[in-house]
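Everything below concerns the one structure shown next.
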Amino acid sequence: MGVPMLDLKRQFRSIEADVYGSLNAVIEQQSFILGEAVEAFESDLASYLGVEHAIGVASGTDALLLTLKALDLRPSDEVIAPAFTFFATAGAIHNAGGKPVFVDIDPLSFNIAPDAVEEAITERTRAIIPVHLFGQMADMHELSRIAQEKELFLLEDAAQAIGASQFVGEQWRGIGAIGDAAALSFFPSKNLGGFGDGGLIATNDPDLADRVRRLRVHGGRKMYHHQDVGTNSRLDALQAAVLQAKLPHLDTWNEARRSHAEWYYERLSGLEDKGFLRRPRIASENKSVFNQYTLRVQDRDELRDFLTDRDIGSAVYYPVPLHLQTCFSHLGYRSGDLQASEQAANEVLSIPVFPELSVNEQETVAASIEEFYDG
Ligand SMILES: *Cc1c(COP(=O)(O)O)cnc(C)c1O
């Protein structure tokens, strides 16, 4: 029996009628650009996150890009980001006219290391982008302290972390509640996925909300009158309808991911004791939503081939850290500069953790990993 890395069909079958109903309403109205469906979803998502403003855009990449554009970066302005993340985090900095400054990660959480951030700050630094990688929030307590002290904009890349929370300042806080803004993605493989691309900016700052609302419609609040040079980047009404139908199930799905993660944690403890792999840390003060369940393993590429031969899905997020990408060679980083990121890129392997995964399938995955190491 094979096990897929992700099977979106199972989720769709469980909510089919709601999704078709929601889509139908938009189709009957023939109202495809912004309008009711997008407004309703923005309002529901703002309540879900506990933020004042939610602005739907065309993708998670654009959520990052439009927020950074609102900072009016000048060419030598620096934005600090982790080297170990999806490309969009850094691509957006470049495309907004800034210079990415890459820093290393904390090897246990895979998230940006606050002390490395502090060391990288210069007089040209304007913003910090912590990425809540694989569904676990970065250390927002330390990062917000640093951002406040140095008056830097704190933009959370929350593309993989909708529903995650962290115990900060004696209370549980979600994404977007601590930073100045959070960028979300509804790419189909994210915890809340649409039927295509989609993204959203969450913020409590009314001026920023206004600005990005303008930027997503070519920079003018009034048609044909432009204060900014914006772009066309709206959350599609059909996507908003799908997401609206899915949102009520998100917490249940995230719970299922968490319980799969706990199951793997128990099941794979023997292999960790023997030194073959390391399981992701499940921190009590940090509720991860496990967009990915990511191990560090020995002989990663061989294990991956072994699993592929048995029709078991796995993935390497991410094989090359961003400071070593060809497109950023002009920034002058060398191999060895950010060692924790480089080591992670060589060791990580994500295994199936989607909500509808069965215990039998999890057992198949675990038993196959065991077979690879223990024979
Ligand atoms: C998916 C993702 C993005 C980009 O989102 P898109 O909707 O695919 O544009 C940005 N950052 C991270 C960390 C992501 O995982």
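The values are calculated or read from the model by the stated rules, or taken from the named source; none is laboratory data. Keep in mind that what you see is a predicted model, and the values were worked out from it rather than measured. Positions of Cβ are generated from backbone atoms using ideal geometry, with glycine treated the same way; all protein chains shown enter the neighbour counts. Note: accessible area is taken over every heavy atom of the protein model, side chains too, but ligands, DNA and RNA are not part of it. Shrake-Rupley method; radii C 1.70, N 1.55, O 1.52, S 1.80 Å.
Using θ = phi - 60° and the Karplus relation 6.51 cos²θ - 1.76 cosθ + 1.60, list the HN-Hα couplings for the range 168-175 in order, rounded to whole Hz, with x at every Gly or Pro.
10, x, 6, 8, 7, 10, x, 5
Quick one: Karplus J couplings for the range 271-281, per residue in order, coefficients 6.51, -1.76, 1.60, θ = phi - 60°, nearest Hz, x for Gly and Pro?
Residue by residue, the range 271-281 yields 5, 5, 4, 7, x, 7, 8, 10, 7, x, 5 Hz.
Given the C-alpha centroids of the range 231-308 and the range 12-44, what is the distance between them in whole angstrom?
Spelled out, the Cα-based centre of one part sits 27 Å from the other.
Could you tell me the number of lysine pairs in the chain with C-alpha atoms less than 27 Å from each other, where the two lysines are 8 or more residues apart or belong to different chains?
Pairs that pass both the separation and distance tests number 11.
Out of residues 5 or more away from residue 101 or on other chains, whose amide H comes under 5 Å of its own, with H placed 1.01 Å from N in the peptide plane?
HN-HN under 5 Å from residue 101: 79, 80, 81.
How big is the accessible area of residue 252 in square angstrom, nearest 10, if you roll a 1.4 angstrom probe over the protein chains?
In the full protein context, residue 252 sits at about 90 Å².
For residue 329 and residue 371, FRET efficiency with R0 = 25 Å and r from the beta-carbon atoms, rounded to 0.05?
Values: r = 41 Å, r/R0 = 1.64.
The formula returns an efficiency of 0.05 here.
Which of 102, 178, 231 sits farthest toward the positive end of the charge dipole of the chain, with +1 on the Cβ of Lys and Arg and -1 on the Cβ of Asp and Glu?
Final value for the positive-end residue is 231.
When only DSSP loop residues count, what trypsin sites (Lys or Arg not before Pro) in the range 229-266 have their Cβ near at most 11 other Cβ atoms within 10 Å?
none
Do any GluC sites (Glu not before Pro) in the range 145-197 lie in a loop, going by DSSP, with at most 11 other beta-carbon atoms within 10 Å of their beta carbon, and if so which?
Working: sites: 149, 151, 156, 170; in loops: 151, 170.
When the GluC sites (Glu not before Pro) of the range 145-197 are filtered for loop state and at most 11 Cβ neighbours within 10 Å, 151, 170 remain.
Using a 10 Å cut-off on Cβ atoms, rank the peptides 3-10, 211-218, 325-332 from the highest mean neighbour count down.
By packing density, highest mean first, the sequence is 211-218, 3-10, 325-332.
For residue 20, what accessible area in Å² do you get when you roll a 1.4 Å probe over the heavy atoms of the protein chains, rounding to the nearest 10?
120
Helix-derived [θ] at 222 nm for the chain: sum -39500 (n - 2.57) over DSSP H runs of at least 4, divide by residue count, nearest 500?
-12500 deg cm²/dmol
What is the distance in Å between the Cα centres of the range 174-198 and the range 82-139?
17
About its Cα centre, how strong a charge dipole does the range 1-114 have in debye, to the nearest 20, once Lys and Arg get +1 and Asp and Glu get -1 at the Cβ?
Numbers: 6 positive and 15 negative charges, 84 e Å.
Once rounded to the nearest 20, the dipole reads 400 debye.
What is the mean projected area of the alpha carbon convex hull for the range 14-146, to one decimal in square nanometres?
Orientation-averaged projected area of the Cα hull: 10.5 nm².
Between residue 115 and residue 40, what is 0.36 nm times their sequence separation minus the Cα-Cα distance? Round to one decimal in nm.
Contour length minus the Cα-Cα distance gives 22.9 nm.
Hey, got the dipole for the chain? About the Cα centre, +1 on K and R Cβ, -1 on D and E Cβ, debye to the nearest 20?
For this selection, approximately 860 debye.
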